[in-house]
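Enquirer: Sharing a structure with you now.
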Amino acid sequence: MREWVAHSQSRSGRWQPWVEHARNVAGMAGAFAAPFDGAAIAHRVGLLHDAGKLFDRWQDKLARVAAAGGAVRIDHKALGAEMVRTAGYGKIAAVVLGHHGGLVDGSRVRGLIGKLLGENPDEAAAEATVRRLLPELADSAPGAIPPAWVEDPLVGELGVRMVFSALCDADHLDTAAHFADEEAPRVRPDSDFCLLADHFAAARARYLAARAPTRMDAAREAVYQHCMDAALSEQGIFRLGVPTGYAKTLGAAGFALRHAAQHGLRRVVMAVPFLTITEQNAAVLRGLLDGAAPAPVVLEHHSGVDLDAAGRQARLASENWDAPVVVTTFVRLFESLLGRKPSVVRRLHRLARSVIVLDEVQALPATMLLPILDVLRILVQHFGVTVLLCSATQPDFWHLSPFRQLPATDVVPDLAALPPGRQRTRFRWRTQGDLTLADVAAETASGGSVLVVVNTTADARTVFDAWSGMPGVDSVWHLSTRMCPEHRRRVLVEVRRRLSCGLPVRLVATQLIEAGVDVDFPVVWRAFAPADSHVQVAGRADREGTLADGGEVVIFSAVDASQPPTYRMLLAATRRHCGPDSTAPDDPDSRVTPDDPAALIRYYHEIYDNLNLEDAASVGQRIQRARRGWQFETVTDGPQQGGRRDRSAAFRLIDDDGLAVVTPQAAVDEATRTSLHEAIVRVRAHPTRDDLRLLHPYTTTLHPSALRAAGVTALLRPVLGQLAPGGLAEWVGAYDASTGMSVDTKVEEFVL
């Protein structure tokens, strides 16, 4: 009798039996799906996901190509998908059909199955082999679909994504374990959040005791205690809306850990808009949670490499968030929730019964708010998730339909009752006249420390170069996405050290510094930007409340400054509600300050209404209709238009993904550079999750416009995929110790 196999030789030469792989995947997938009541479905699709490998022609082809490491390239998904479909799961068969290539539109499932089975003769014989090898298929009936998935197609759509995630993660883990000759896949048990929460609280107390006291301490302690009290509440949606500088990160982390302990939850995921915040938050949390468990507690994940396009081994190495605390970006979180490719979606099941902290929620793109808010609503109502929304400039999401009837709890119910210290800054406007960036550099070159925040990397370089060319001007620093995370971290460490010692610092940065990055300058200059940016950047001025007159924030317009095209409408609304053209309701001669809560609410309402977010023709509503129809390709890639997908109507948080670039030159010592070069070589040959994590701190992103600049691609060497968005490349060009990768920045816009 034939020995049916699932995978070719491992490192030791062992072939993996088909039955072993099927049962391993089914067991893991069922366990992964248990927290959201999908265990029976996930177990069944796990058993059947590789049923198509039991065709003689598939097995014969594997035997021929195995020695060379080649691909079989004969479909092995359709038979299992058909067996899932006819077992009563209908379009849930898309889970099996897409476990390598990605989820397809539900309307295409049955037709694709029929087409692919037509290319494989002897379907009946293969199905008989499946049933003979897996007698449990006959011994147990398929599990029932949760009623809520049937009653509400939006809930069912997310349920399918969750099952797909459980299957892909289990399949990847078992396959990787086989090829690595591991006895069992590496699956970390759930952590004891009571222990983690207690460890965090004790470490926080020690950290605060070692710091010099400041005028802000009482206010921050009050916020933290509110967070601890709110953590004992029932699960749901919470808002933490306190001014900048009130230690939201520590409060939110304390809330999440204590809330997870209170309700027996499985994971804490903290998502932020900018890479600099992931770097800072991950470092803070590591410092407070190190030693709380034998294995590392905090995982930082922000890589945008398209591992599905980089081959099977790369796909096996994709991130699955198997850690108790995950710090990630909005892009990575929501591409998991609304994506369709295996390497992107495999981590999604980890969100069930978790706490999701969304920090700086004002940065979520307005055009995508309907699907974002709706998927958060479903997670809270049906998948055991608690969501905490954090921002000093809380948007009014309850103005929009997904949240309109959703109850929420304010962590700090009465901001006015907080200890004094809210008014730490004063705003000054320089938006008239013919001011240039050179003028800004000249005015900020003398005197004490100053932070200048501009809208693009090109403008940041212009100010930095102007400072650098001025005689007698020193202590000049630069931050932008041209620098890798480790380089930015070193700059911030030195900037904070100098500021704490009273030494002068002149720092120019893009928007990446203005939300959540802990720096304290007496004076901040901010290029005119959307209203929430003005409030956020004010949190970098007199952050500790030590100045008698408070910090100064200068909002300026420079005639030669640039800005992203998406700012146009936002800037107009800012001028009207809390900018240079605004007037206070009770004093027509006074401007409304950007930190006026009522003005910010009016600002957000105007943005939402002007964008017609609730209109049936809006992108968000079109995505919602596709979700209701389980049109997974349409959500991620856009609807069909003349044989092509219309990407303008697809779900995406940023307009253009960039190319991930590793910069070993940014390492400060030769040993680290050597280690990074060795990891790059290994990733090219056989990528692993450990090596990709090793490269993270030295990986940044090049915007597509920078890739089009003359000569740039000649300075890149492919590591995974192509020299295009979604790929991973090695930078072999110059890397400036002050500004990072040396490329022509004039055509590139700043990307979140």
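Enquirer: With angles folded into 0 to 90 degrees, how steeply does helix 670-685 sit against the dominant principal axis of the chain? Use alpha carbons for both and round to 10.
Expert: Roughly 30 degrees between the two axes.
Enquirer: Using the Karplus equation 6.51 cos²θ - 1.76 cosθ + 1.60 (θ = phi - 60°), what ³J(HN,Hα) coupling, rounded to whole Hz, does each residue of region 132-139 give in order, writing x for Gly and Pro?
Expert: 5, 6, 10, x, 5, 4, 7, 7
Enquirer: Something else now. Taking the Cα of Asp581, stepping 7 Å toward and past its beta carbon, and measuring to each backbone N in region 363-399: which are under 19 Å?
Expert: none
Enquirer: Now for a different question. Along the Cα→Cβ direction, 7 angstrom out, place labels at Glu3 and Ala180. What is the inter-label distance in nm?
Expert: The answer from the label model is 2.5 nm.
Enquirer: So what's the back-of-envelope 222 nm ellipticity for the chain, counting only DSSP H runs of four-plus at -39500 (n - 2.57) apiece and dividing by all residues, rounded to 500?
Expert: Value at 222 nm, helices only, nearest 500: -12500 deg cm²/dmol.
Enquirer: Now a separate question. Most exposed first by the Cβ proxy, i.e. fewest other Cβ within 10 Å, how do Ser562, Ser391 rank?
Expert: Ser562, Ser391
Enquirer: Then there is this: Just need the relative contact order of the chain here, percent rounded to a whole number, with Cα pairs under 8 Å and 6+ apart.
Expert: Contact order relative to length: 13 percent.
Enquirer: Can you sort Trp630, Trp398 from fewest to most other Cβ atoms within 10 Å of each residue's own Cβ?
Expert: With the fewest neighbours first, Trp630, Trp398 line up as Trp398, Trp630.
Enquirer: Further question on the same structure: Report relative contact order for region 193-417 in percent, whole number only (criteria: Cα-Cα under 8 Å, sequence separation at least 6).
Expert: Relative contact order for region 193-417 comes out at 28 percent.
Enquirer: Stokes-Einstein diffusion coefficient for region 1-90 at 25 °C in a medium of 0.890 mPa s, Rh from the Kirkwood formula over Cα pairs: what value in µm²/s?
Expert: 175 µm²/s
Enquirer: Taking 1 over the mean of 1/r across every pair of different Cα atoms in region 193-417, what Kirkwood radius in Å do you get?
Expert: Kirkwood radius, region 193-417: 18.0 Å.
Enquirer: Report, in degrees rounded to the nearest 10, the 0 to 90 angle that the Cα long axis of helix 485-500 makes with the longest principal axis of the chain.
Expert: Orientation of helix 485-500: about 30 degrees from the principal axis.
Enquirer: Quick one: Cα convex hull volume of region 659-741, Å³ per residue?
Expert: About 87 Å³ per residue, rounded to a whole number.
Enquirer: Let me have the relative contact order for region 459-581, percent, based on Cα pairs under 8 Å that are six or more residues apart.
Expert: Answer for region 459-581 is 21 percent.
Enquirer: Translational diffusion coefficient of region 473-528 at 4 °C, 1.567 mPa s, Stokes-Einstein with Kirkwood Rh over Cα pairs, in µm²/s as a whole number.
Expert: The calculation lands on 109 µm²/s.
Enquirer: Right, next: For Asp434 and Ser742, calculate 0.36 nm times their separation in residues minus their Cα-Cα distance, and state this gained length in nm to one decimal. Please list the in-between numbers first.
Expert: Values: separation 308, 0.36 × 308 = 110.88 nm, distance 2.98 nm.
Taking 0.36 nm per residue and subtracting the Cα distance, the gain is 107.9 nm.
Enquirer: Determine the distance separating the Cα centre of region 11-43 from the Cα centre of region 325-360; give it in Å without decimals.
Expert: What the calculation gives is 22 Å, centre to centre.
Enquirer: Restricting the count to DSSP beta bridges whose residues both fall in region 659-741, what percent are antiparallel, rounded to a multiple of 5?
Expert: 75 percent
Enquirer: I need the Kirkwood Rh of region 425-610: take the reciprocal of the average 1/r across all distinct C-alpha pairs and report it in angstrom. Mind showing how you got there, number by number?
Expert: Numbers: mean 1/r = 0.0590 Å⁻¹.
With all distinct Cα pairs of region 425-610 included, I get 16.9 Å.
Enquirer: Just subtract the alpha-carbon distance of Ala141 and Arg110 from 0.36 nm times their residue separation and send over the number in nm, one decimal.
Expert: In short, 8.9 nm is gained.
Enquirer: State the antiparallel share, in %, of DSSP beta bridges confined to the chain, rounding to the nearest 5.
Expert: Just about 25 percent of them are antiparallel.
Enquirer: A further question follows. What's the local net charge at Ala445, with K and R +1, D and E -1, over the other residues with C-beta under 15 Å away?
Expert: Result for the local shell: -3.
Enquirer: Another question, then. On a 0 to 90 degree scale, rounded to 10, what angle separates helix 597-610 from the longest Cα axis of the chain?
Expert: The two axes meet at around 50 degrees.
Enquirer: Mind sorting Asp50, Asp174 by how few other Cβ atoms lie within 10 Å of their own Cβ, fewest first? All intermediate terms of the calculation are to be shown ahead of the outcome.
Expert: Details: Asp50 24, Asp174 27.
Least to most surrounded, the residues fall as Asp50, Asp174.
Enquirer: Run the simple label-point estimate for Met470 and Arg14 please: 7 Å along Cα→C-beta, distance reported in nm.
Expert: Result: 6.7 nm between the two label points.
Bear in mind that the values in this text are calculations on the coordinates, not laboratory data. Keep in mind the model is a prediction, meaning the values are calculated, not measured. Every residue, glycine as well, gets a Cβ built from its backbone with ideal geometry; the counts of neighbours run over all protein chains shown.
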